[in-house]
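Chemist: Have a look at the structure that comes next, please.
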Amino acid sequence: MTEVQSIPAKPTLLQSASSERHQRWRLLKDKIVARGVVAGGLSIIVAVVLIFFYLLYVVFPLLLPATLQPAGGYPVPEPALGKTRFLATEEQNELAVRFTDTGNAVFFRVADGQTVKAQELLGADAAKIASFSHGSPDSGVVGYGLSDGRAVIMKHEYKLSYPDGKRVVTPNISYPLGEQPLTIDNSGQSLLQLTFAIGDEHSLLVAKTADHRLILVRLSKKESMFDDEVTLDRSDATLDVPGDDVEFMLVDKEQHNLYLLSKQSLTVVDVGESSALAVKHKMNLVDNGRQITDVEFLNGENSLLVGDSKGELAQWSMVRNEQNYVSLQKLRSFKLADSPIVKINPEQRRRGMLVVDSSGMLGVFNSTAERELIKQPVMPGAPMAMSLSPKADHVLAEDADGNLKAWKLTNEHPEISMKSLWRKIWYESYSKPDYIWQSSSASNDFEPKMSLTPLVFGTLKASFYAMLVGIPLALFGAIYTGYFMSSGIRQYVKPGIEIMGALPTVILGFLAGLWLAPFVEANLAGIFALLMIVPLAVMLFAYAWQFLPEQKRQKIPDGWDAIILIPVVVFAAWLAFQVSPGIEALCFNGDLRTWMREEFGIAYDQRNTLVVGLAMGFAVIPMIFSIAEDAIFSVPKHLTTGSLALGATPWQTLTKVVLLTASPGIFSAIMIGFGRAVGETMIVLMATGNTPVMDLSIFQGLRTLSANIAVEMPESEVNSTHYRVLFLAALVLFMFTFVVNTLAEMIRQNLRQKYSSL
């Protein structure tokens, strides 16, 4: 019987049209998806580039140089009231005041020199003026020493009001110690020099008389319990220090130290309330052939700014060494020119200063950053007086011809330099130069310390120990899971480890800070015993395993070997913590932490790098494991079967074929894990003491770039130096990860090309 073959029916016209529409729709979807992928990739690149340029935009003002621009000039207001002894500007740069050698205060507008108020300070019957002195620039206190042994202390103040919505600045003169002159020398000798520190409760005045005596007057305010009457308790003393060659006198606002300077030397006298007025230090500040020409306190009054006849400005500060001995040290110096320095004006809110020499050369410097910001001539000779505004953005000076000249000073971020960011700086009150991050305080006297070096060090330190914990566990786990483990177990193990990556880092940080850190502290010996006993137990079990009868060993299917190791690992871990107290008592006198401190000077901080390494290592394991396991499992089977068929052992196949073929993926896993560790924020924020210290010890805390940004960004003032330095830290972190990832991709591509022929 002949078999009839069926002939396929010819598609109808409708079916052909439907098929063509389906193909066109598929092609359209392919194009949409392809272009969507391209658009997504390009958008990511554009977003990264925009982030980079935004960070650079915020950081860029730190690189701008300081500028000094002329802002007009005019004759000195009210020249008939005397020559200028002192100039000062109020905070709004609207009013300025000049104190004259005839005892008058002239308030005038900074913009045009128009007189606002002229006030006689001493009265018509006052004695002749013998000296003039001013307190710290931010206090506004000045004083006149008179020829009859008396002194008058006054303060220029400014009141802000807003009538009809317009700002009005009203000047005023007050007398902190009373309007009547205060007798300093009962014998009536002329006060050739005067210095003072005026406080709310206690005040201190020191004067040099015409017969070269140094008289100290201490005043304390006492308030009556019944009628609120305020009286001044007074104590006088004559310093047992010769005043013949004293040219400059300064007393700090804490009223602890009196600085007496001659043409070359300095004598520091302890004038504290309970002191015996003893000389603390005596030393030469300048070399032979030089003379001290001007002296002022740096902001905070912890350092002296000393200008000499050769145009050098030096910063001297009291330094306490490791033996608790206090000495005066020269921290740094600046060179203006070769002419004598005649005027030093310290900034009121930063560690900067404005300096002018006898030739009219002006310089602006910053002590913390050790920066020379401006150096330019401003007038043909030495100024009669000079003022730097409270915000350090306006300069006012009187020349020898009796004209006032003004300049606008633009100097937004003088505290930042390459040295202050990356090198050691000798800060005030520190025994030696060091890397310090301490960005803010409640007082303007604070010296900001913004070294990024300890933050970069902390970032690398935390990442190193996290990778030290995470890489071995993740890679060995990936190798076993991807090559040796049976598919039945792998389908549970791999998702189980990957789901660990879904744990929020804030939870990991919370557990690390509140549970892991105290646990590690209480069981430090057990942690180290764990690292030795668990590997030893696994090796001993493996050694004993080969002596079991072959029939029993073959009952364990291939790829299930790890199951029988779980009880071994658990038992070994339990054993490590059980024997650790005995080991601690036998070898470390019962307390490992105390033993380390006494024997090696190693301190232990509860939230330390060890805790961070364990917590961050746990966080990066899922990422490294997943990528590396996929790379190993994806090695073509014909490579492994071919290697085994040629007589290689499974281990030889792993090391010579599998790992080499999968090396690009393994390397990518490590670098992505490293990037994850570098950018980690919450774990290091919660699991460390968050202290920016540079200590190699694993038992000390740290602070990373990311954690520092998270902690301090909310409290930073927008566009301030602190704010921009935090963005600079973000830019450093961005560039670091970008460079590392770029190099990693280059190496990965090289490995891929090298082993693609396998």
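Chemist: State the Cα centre-to-centre distance between the range 368-427 and the range 304-326 in whole Å.
Modeler: Each part reduced to its Cα centre gives a spacing of 20 Å.
Chemist: Where does the charge balance sit around Pro380 when Lys and Arg score +1, Asp and Glu -1, over other residues with C-beta under 10 Å from its C-beta?
Modeler: That works out to -2.
Chemist: Need the list of aspartates and glutamates near Lys405 for cross-linking: C-alpha distance under 12 angstrom, and skip anything on the same chain fewer than eight residues off.
Modeler: Counting by Cα, and skipping residues close in sequence, Lys405 has these aspartates and glutamates nearby: Asp112.
Chemist: Given 0.36 nm per residue, what is the gain on full extension from Asp30 to Ser333 after removing their alpha carbon distance, in nm? Don't skip to the end; give the middle numbers.
Modeler: Details: separation 303, 0.36 × 303 = 109.08 nm, distance 7.01 nm.
Gain on stretching Asp30 to Ser333: 102.1 nm.
Chemist: Per DSSP H run of n ≥ 4, the term is -39500 (n - 2.57); total these for the chain, divide by its residue number, and report the mean residue ellipticity at 222 nm rounded to 500 deg cm²/dmol.
Modeler: On the way: 17 runs with 269 residues, N = 758.
The helix-only estimate for the chain comes to -11500 deg cm²/dmol at 222 nm.
Chemist: FRET efficiency for Trp574 and Asn750, Cβ-Cβ distance as r, R0 = 45 Å, nearest 0.05?
Modeler: 0.45
Chemist: Another one. Eight or more residues apart or on different chains, and alpha-carbon atoms under 21 Å: count the Lys pairs in the range 453-755 matching that.
Modeler: So the count of such lysine pairs works out to 4.
Chemist: Now, a different point. Please list 3J(HN,Hα) in residue order for the range 127-135, calculated via the Karplus relation 6.51 cos²θ - 1.76 cosθ + 1.60 where θ = phi - 60°; whole Hz, with x for glycine and proline.
Modeler: 5, 5, 7, 10, 7, 9, 8, 10, x
Chemist: Moving on to the next point. When the Kirkwood radius is taken over all Cα pairs of the range 453-755, what Stokes-Einstein diffusion coefficient follows at 37 °C and 0.692 mPa s, in µm²/s?
Modeler: Roughly 151 µm²/s, to the nearest whole number.
Chemist: For the range 635-758, with the dipole built from +1 on Lys and Arg beta-carbon atoms and -1 on Asp and Glu ones, taken about the Cα centre, which of Asn708, Thr742, Met686 lies farthest toward the positive end?
Modeler: Checking the options against the dipole of the range 635-758, the answer is Thr742.
Chemist: Taking the Cα centre of the chain as the origin, how large is its charge dipole in debye, to the nearest 20, when only Lys and Arg (+1) and Asp and Glu (-1) carry charge on their Cβ atoms?
Modeler: Dipole about the Cα centre, nearest 20: 4180 debye.
Chemist: Counting other beta carbons within 10 Å of each residue's own, what order do Ser389, Ser643 fall into, fewest first?
Modeler: Least to most surrounded, the residues fall as Ser643, Ser389.
Chemist: For Gly72, which sequence-distant residues (separation of 5 or more, or a different chain) have an amide H within less than 5 Å of its own amide H, given hydrogens modelled in the peptide plane?
Modeler: Close amide H contacts, sequence-distant or interchain: Ala406.
Chemist: While we're on this one: So what J values fall out for the range 293-310 if you push phi through Karplus, 6.51 cos²θ - 1.76 cosθ + 1.60 with θ = phi - 60°, rounded to Hz, Gly and Pro as x?
Modeler: 10, 7, 9, 9, 7, 6, 3, x, 6, 9, 9, 9, 9, 10, x, 10, 6, 9
Chemist: Could you point to the residue in Gly103, Leu55, Ala369 farthest towards the positive end of the chain's charge dipole, with +1 and -1 charges on the Cβ of Lys/Arg and Asp/Glu respectively?
Modeler: Highest projection toward the positive end goes to Leu55.
Chemist: If I require 27 Å or longer along the helix axis, counting alpha carbons, and a Kyte-Doolittle average no lower than 0.5, what helices from the chain are left? Use full DSSP H segments.
Modeler: Numbers: long enough: 13-59 (68 Å, 0.93); 453-479 (37 Å, 1.56); 524-545 (32 Å, 2.30); 561-587 (37 Å, 1.76); 609-633 (34 Å, 1.87); 721-755 (50 Å, 0.62).
Counting only whole DSSP H runs, the qualifying helices are 13-59, 453-479, 524-545, 561-587, 609-633, 721-755.
Chemist: Let me spell out the model: positive unit charges on the Cβ of Lys and Arg, negative unit charges on the Cβ of Asp and Glu, origin at the Cα centre of the range 453-755. What dipole size does that give, in debye rounded to 20? Each step should come with its number before you reach the end.
Modeler: Working: 17 positive and 18 negative charges, 201 e Å.
The calculated dipole for the range 453-755 is roughly 960 debye.
Chemist: Report the Cα-based extents of the chain along its three principal axes, largest first, to the nearest Å.
Modeler: Principal-axis extents of the chain (Cα, largest first): 148, 85, 61 Å.
Chemist: Residue-wise, which Karplus ³J(HN,Hα) couplings in Hz belong to the range 151-164, taking 6.51 cos²θ - 1.76 cosθ + 1.60, θ = phi - 60°, and x for glycine or proline?
Modeler: Working through the residues one at a time gives 9, 10, 10, 9, 9, 8, 10, 9, 10, 9, 9, 10, x, 6 Hz.
Chemist: What whole-number distance in Å separates the alpha-carbon centres of the range 589-659 and the range 685-706?
Modeler: Here the two parts' Cα centres lie 23 Å apart.
Read-outs: derived from the displayed coordinates by stated rules, not from any lab. Keep in mind the model is a prediction, meaning the values are calculated, not measured. Backbone-built Cβ (ideal geometry, glycine too); neighbour counts: all protein chains shown.
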